[in-house]
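Chemist: I'd like to ask you about the structure that follows.
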């Protein structure tokens, strides 16, 4: 089962502080492992501050207050831009026809100049799984999974993304027990 372009939704019992109540968009998944970006963990940093740190001078203030997210616990000093598809930058991974993940500086420069993607989410770090690890966690019921929904990624308020992603699958997270049971 390939989970690229799918959400991983943490079940209430998932106690790992890196993923508790998280929604992760899986950008790449194959036999070698998986890479995803957590889409509901804003940090105390804005796009304007990222531009300033990278010595990129924005043409206007349109991105200044855009939140930056903790994309996951791996390589938290590395930046990622999850954005609507249609254009490739120097280092872009297509997630679907409508969504891409870019790690190169040129996308931030384009955004600062008003030539960037229409919809985007900037993250520092990513979530990563070795080959077979994600499948094992799914078998242990640590996650719900289902197709990604760009409305949730780009337009749903951050604090509602976890519940909305589960509701899209027909799951009410408040009805799931945080306690594991064994038959």
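Please treat every number below as a calculation from the coordinates, not as lab data. All values derive from a computational prediction rather than experimental measurement.
Chemist: Given the alpha-carbon gyration tensor of segment 24-116, what are the semi-axes of its equivalent ellipsoid in whole angstrom, ordered largest first, with each equal to the square root of 5 times an eigenvalue?
Modeler: 23, 16, 11
Chemist: In deg cm²/dmol and to the nearest 500, what is the mean residue ellipticity at 222 nm of the chain if only DSSP H runs of at least 4 residues count, each as -39500 (n - 2.57), divided by the residue total?
Modeler: -5000 deg cm²/dmol
Chemist: Let me ask you something else. Averaging the inverse of every distinct alpha carbon separation and then flipping it gives the Kirkwood radius. What is it for segment 96-147, in angstrom units?
Modeler: After inverting the pairwise mean of 1/r, the radius is 14.1 Å.
Chemist: Mind putting together the pair-distance distribution for the chain? All Cα pairs, 10 Å bins, whole percent per bin, short to long.
Modeler: Pairs per bin, as whole percents: 9, 38, 35, 14, 4, 0, 0.
Chemist: Just to confirm my numbers, what's the Cα centroid distance between segment 22-91 and segment 116-163 in Å?
Modeler: Comparing the Cα centres of segment 22-91 and segment 116-163, I get a distance of 13 Å.
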